[in-house]
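S.K.: Sharing a structure, written as structure tokens. Questions coming.
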Amino acid sequence: TSFKEAMTRKDINKWIKAMKDEIDVLIKRGTWEIVTPPKGANIIGTRFVYKIKRLANGEIDKYKARLVVQGFAQMDGIDFYSDDTFAPTARLTTVRLMLAWAAYKDWEIQQIDIKSAYLYGELNNDEEIYIRPPPGKLINPKPGHRLKLKKALYGLKQAGRRWYKTFSGILGKIGFTRAYYDNALFFQRSGNIIKAILFMHVDDVTIITPTIQKAQEIKTAIKRYVDYTDGGEISWLLGIEIKRNRKERTLQLRQKHHIEKIIERFNFTGKKERTTPMSPGETLRTNKGEGNRLPYMNMVGALRYAADCTRPDITFVTSLLARFLTNPGKEHYDAVSHCFAYLKRTKDYWLTLGGKDLNPQIHGYSDADGMNQEGYKAISGYVFRLGRSTISWRSKRQGLISLSTYEAELQALIDAAQEALWLRHLYSEVLDTSKHLDPMVIYCDNKATVITVNVEEMTFKKLTKHIDRRKEWIRQRVDRKEIKVIHVRTKEQLADMLTKPLNGYLLKYHSELLGLQ
């Protein structure tokens, strides 16, 4: 975690080599010049960030030491401007949608890792940023001299945006178009025929093409502008292990190594395993805060990453636990421990995308709970699938107290409809440019809600006069044939696990329906 610690470890020589390699690359790329800064200049500190990079099977790949700027010391209006810092990365839903689509079509999925990506971002001529030399005396300027940055080094507030603009410009030169509905997604098309898809997450770039020759063509074009490590066929993405079965046309995703790492980090290795992430019927209440909130926040954050990437079965629990970040008590720590014990039991679970469906369609499920949690606000939950591939899910507490189950279900349906419209736009922009897309189906298990949005005459004025605007908004979407709401039995409601804690049997049943097993 620090230079001091690295110098006391048994593998000190490997860390020293990693730091020297990093400095050599920075000097070779002309990242800075040694100057005497003007009087009163803001001098920003630096530090090394250490990481042991591993292969998909958990074996050590290499030791990496990255020099970063302590951007928290930058001054707005002097070292950066607050409107010059945003850099998009591909949404996880976009990632799962594109991977699932590629699996269905049996397209190639290749990866490249841009070397020292941020160094390709140039600073403007009017930006004067001075930094201290890195620890370890790897650079020894004269007394009073500092390093003036010429490149956007990691840690700078504007570095991510500079790299994004640089790389998106490169992709434009080689024939890619940026997607409007996800600015970190790019595509090549000839008429209505899609030729290639590319999405980026900082320096990790994934390329989806119909043939390996097309993928190599794109890699060669990118190579003219930036240097990268060729990762070949995808097997590891954002800490997610990926396994592909070309015969069955499936991709499987899991986070076993992440789960094992956080279980060890928070000392849950000896914890007794559980069959559910939370006891059915359990509720959590706000208290005065008897526990230390820092480890609690770290624990919930670690759980949240798994929930967002591959584990919809713990999404409701992590969403509930996150409400108590500022004042956790013993019951909240017990609930976190319970969820870790469940993950320990299910760390080998894979989320399966793809299959042999020749024409998969996006459809969703919307549900709300019985408002039994603290504050009496209902929980909205939705799930969206491409064919049999679960690509999007969410569990969210509603903003207002609902006066009836019908009202809660209507608000949950509106939340789902907003996601459905975005998915529909993204799908039609990138994957299907036909002008006559079928309405996106959303399944709801509340008959009153389904009737209300489908039958204009069913106004229920006495019960719904205070929610007419929400009701009319979703009715308009139905009338435009953008979405279609259909009733489904509660037993087949896949979003049920996102609104309440289920017993072990129901949890396993719904998890398997979502492709998690």
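S.K.: Tell me which residues, restricted to segment 8-24, are within 17 Å of LYS137 (Cα to Cα), loosely packed, with under 15 Cβ neighbours inside 10 Å and in contact (Cβ under 8 Å) with a residue 12 or more places away in the chain.
M.R.: Hits for segment 8-24 are LYS17, LYS20, ASP21.
S.K.: What pairs come out if I take residues in segment 443-469 that are part of a helix (DSSP H, G or I) and pair them with residues that are surrounded by fewer than 20 Cβ atoms within 10 Å (Cβ to Cβ) and at pLDDT below 65 whose C-beta lies under 7 Å away, six or more apart or interchain?
M.R.: Final answer for the pair search is ILE451/MET458; THR452/MET458; THR452/PHE460.
S.K.: Given (1) part of a helix (DSSP H, G or I); (2) touching a residue at least 40 places away in the same chain (Cβ under 8 Å), where does LYS4 come up short, assuming only one miss?
M.R.: (2)
S.K.: Can you name every residue in segment 245-285 that is assigned to a strand (DSSP E or B), polar (S, T, N, Q) and under 17 Å from ASP313 (Cα atoms)? Spell out how you get there, then give the answer.
M.R.: Here is the first cut: in segment 245-285, the residues assigned to a strand (DSSP E or B) are 245, 250-254.
Okay, now just the ones that are also polar (S, T, N, Q), so 245, 250, 252.
The one that is assigned to a strand (DSSP E or B), polar (S, T, N, Q) and under 17 Å from ASP313 (Cα atoms): GLN252.
S.K.: Also: Of these, THR89, THR93, which one is assigned to a loop (DSSP other than H, G, I, E, B), hydroxyl-bearing (Ser, Thr, Tyr) and over 29 Å from ILE43 (Cβ atoms)?
M.R.: Numbers: THR93 fails: assigned to a loop (DSSP other than H, G, I, E, B).
THR89 is the lone residue from the list that is assigned to a loop (DSSP other than H, G, I, E, B), hydroxyl-bearing (Ser, Thr, Tyr) and over 29 Å from ILE43 (Cβ atoms).
S.K.: Search segment 335-381 for residues being open to solvent by 50 Å² or more (accessible area, probe 1.4 Å) and farther than 21 Å from THR250 by Cβ, and hand back the single one that is modelled with the highest pLDDT. Break it down into steps so the answer makes sense when it comes.
M.R.: First, pick out the residues of segment 335-381 that are open to solvent by 50 Å² or more (accessible area, probe 1.4 Å): 345, 347-349, 356-359, 361, 370, 372, 374, 376-377.
Now restrict to residues that are farther than 21 Å from THR250 by Cβ: 345, 370, 372, 374, 376-377.
Working: ARG345: 95, GLY370: 65, ASN372: 71, GLU374: 74, TYR376: 82, LYS377: 88.
Here the answer is ARG345.
S.K.: Of all the residues that make up segment 112-161, how many are assigned to a strand (DSSP E or B) and either in contact with a Gly (Cβ under 8 Å, 6 or more places away or on another chain) or open to solvent by less than 10 Å² (accessible area, probe 1.4 Å) (or both)? Walk me through how you get there before you give the answer.
M.R.: Step one: list which residues in segment 112-161 are assigned to a strand (DSSP E or B), which gives 112-114, 122, 130-131, 146-149, 151.
Filter once more, keeping what is either in contact with a Gly (Cβ under 8 Å, 6 or more places away or on another chain) or open to solvent by less than 10 Å² (accessible area, probe 1.4 Å) (or both): 112-114, 131, 147, 149, 151.
Selection size over segment 112-161: 7.
S.K.: If a residue must be assigned to a strand (DSSP E or B), under 30 Å from ILE234 (Cβ atoms) and open to solvent by 40 Å² or more (accessible area, probe 1.4 Å), how many such residues does segment 40-61 contain?
M.R.: In the first step, residues of segment 40-61 are kept if they are assigned to a strand (DSSP E or B); the result is 43-44, 46-54, 60-61.
Applying the additional criterion that residues be under 30 Å from ILE234 (Cβ atoms) yields 48-54, 60-61.
Next, from what is left, pick out any that are open to solvent by 40 Å² or more (accessible area, probe 1.4 Å): 49-54, 60-61.
Residues that pass the stated criteria total 8.
S.K.: State whether one or more residues within segment 408-418 are closer than 30 Å to GLN188 by Cβ and either not in a loop (DSSP other than H, G, I, E, B) or not acidic (Asp, Glu) (or both). Quick ask: steps written out before the conclusion?
M.R.: Step one: list which residues in segment 408-418 are closer than 30 Å to GLN188 by Cβ, which gives 418.
Subset that is either not in a loop (DSSP other than H, G, I, E, B) or not acidic (Asp, Glu) (or both): 418.
Yes - at least one qualifying residue is present in segment 408-418.
S.K.: If I ask for residues that are in contact (Cβ under 8 Å) with a residue 60 or more places away in the chain and in a helix (DSSP H, G or I), which ones from segment 197-232 would you list?
M.R.: ILE212, LYS214, ALA215, LYS219, ILE222
S.K.: Let me ask something else about it. What single numbered condition from (1) touching a Gly at 6+ places or on another chain (Cβ under 7 Å); (2) open to solvent by 80 Å² or more (accessible area, probe 1.4 Å) fails to hold for THR276?
M.R.: All conditions pass for THR276, except number (2).
S.K.: Ok, one more. From the residues in segment 288-300 that are on the phi < 0 side of the Ramachandran plot and open to solvent by less than 40 Å² (accessible area, probe 1.4 Å), which one is modelled with the lowest pLDDT? Walk me through it before giving the result.
M.R.: Filtering segment 288-300 down to residues on the phi < 0 side of the Ramachandran plot leaves 288, 290-300.
Retained after the next criterion (residues that are open to solvent by less than 40 Å² (accessible area, probe 1.4 Å)): 291, 296, 299-300.
On the way: GLY291: 63, TYR296: 90, MET299: 94, VAL300: 95.
Going through the qualifying residues, I end up with GLY291.
S.K.: Suppose we filter SER428, SER389 for residues that are open to solvent by 10 Å² or more (accessible area, probe 1.4 Å), modelled with pLDDT of 90 or more, in contact with a Leu (Cβ under 6 Å, 6 or more places away or on another chain) and on the phi < 0 side of the Ramachandran plot; which single one remains? Give the steps one after another, and end with the answer.
M.R.: Working: SER389 fails: open to solvent by 10 Å² or more (accessible area, probe 1.4 Å).
Checking each option against the conditions leaves just SER428.
S.K.: Filter segment 482-513 down to residues that are in a loop (DSSP other than H, G, I, E, B) and touching an Asp or Glu at 6+ places or on another chain (Cβ under 8 Å), then give me how many there are. Steps first, please.
M.R.: Going residue by residue through segment 482-513, those that are in a loop (DSSP other than H, G, I, E, B) are 482, 488-489, 493-495, 499-503.
Then keep just the ones that are touching an Asp or Glu at 6+ places or on another chain (Cβ under 8 Å); that gives 488-489, 493, 495, 499-502.
Total satisfying the criteria: 8.
S.K.: Of all residues in segment 303-334, which are open to solvent by 10 Å² or more (accessible area, probe 1.4 Å) and of a type outside the set (Val, Ile, Thr)?
M.R.: Residues satisfying the conditions are ARG304, TYR305, ASP308, SER319, ALA322, ARG323, LEU325, ASN327, LYS330, GLU331, TYR333, ASP334.
S.K.: Another question about this same structure. Mind listing just one residue for me: the one in segment 62-75 that is open to solvent by less than 90 Å² (accessible area, probe 1.4 Å) and in a strand (DSSP E or B) and, of those, farthest from LEU238 (Cα to Cα)?
M.R.: VAL69
S.K.: Quickly run through segment 174-233 and pick out the residues that are β-branched (Val, Ile, Thr), open to solvent by 20 Å² or more (accessible area, probe 1.4 Å) and within 18 Å of ILE112 (Cα to Cα).
M.R.: ILE174, VAL202, THR211, ILE212, THR220, THR229
S.K.: Among the residues of segment 465-492, count how many are crowded, with 16+ Cβ neighbours inside 10 Å, closer than 18 Å to GLU407 by Cβ and not hydrophobic (A, V, I, L, M, F, W, C).
M.R.: Within segment 465-492, residues that are crowded, with 16+ Cβ neighbours inside 10 Å, closer than 18 Å to GLU407 by Cβ and not hydrophobic (A, V, I, L, M, F, W, C) number 2.
The values are calculated or read from the model by the stated rules, or taken from the named source; none is laboratory data. Since the structure is predicted, the reported quantities are computational estimates derived from the model, not experimental observations. Using ideal geometry, Cβ is built from the backbone for each residue, glycine included, and neighbour counts are taken over all protein chains shown. SASA here: full protein model, heavy atoms, side chains in, ligands and nucleic acids out. Shrake-Rupley method; radii C 1.70, N 1.55, O 1.52, S 1.80 Å.
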